[in-house]
Amino acid sequence: QVQLVQSGGGLVQAGGSLRLSCAASGRTFSNYNMGWFRQAPGKEREFVAAITWSGRSTYYADSVKGRYTISRDNAKNTVYLQMNSLKPEDTAVYYCAANARYEGMIRDEYDYWGQGTQVTVSS
């Protein structure tokens, strides 16, 4: 089992920045590929970004490319999502997720999920 505990998020004006963190425990963090997803009210949970276990490869949804950066620190068992130039349409609950074998954006391939954190961007 992997436990994921998220922090960060909150309320920010459009154009601002936030950083989300997701700390893992329970298994060897460096064995896991990590992803970030988000879910806006009334919408499906959608892919945002992913990073492989080594950190060498990253993937982004088109809607956040160039504005968001996913990174990880395996020594701290933590993955981050730096969000810049935020827009009102980025408002959602953000979730981190982990899996041991899959790299990419398919939600159902992720086995472990964080508790979610609210990000609200005001116009």
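Remind me, what semi-axes does the chain give for its equivalent ellipsoid, largest first in whole Å, using sqrt of 5 times each Cα gyration tensor eigenvalue?
Ellipsoid semi-axes (Å, largest first): 23, 14, 13.
For segment 1-56, take the alpha-carbon Rg, divide it by the Kirkwood Rh, and send me Rg/Rh.
So for segment 1-56, dividing Rg by the Kirkwood Rh gives 1.01.
Determine one quarter of the surface area of the Cα convex hull of segment 46-95, which equals its mean projected area, and express it in nm² to one decimal.
Mean projected area for segment 46-95: 3.8 nm², to one decimal.
For segment 55-123, what is Rg from Cα atoms divided by 2.2 N^0.38 Å, rounded to two decimals?
1.17
Each reported figure results from applying straightforward, stated rules to the coordinates on display, with no laboratory input. Predicted model only: the values in this text are computed from it and were never measured.
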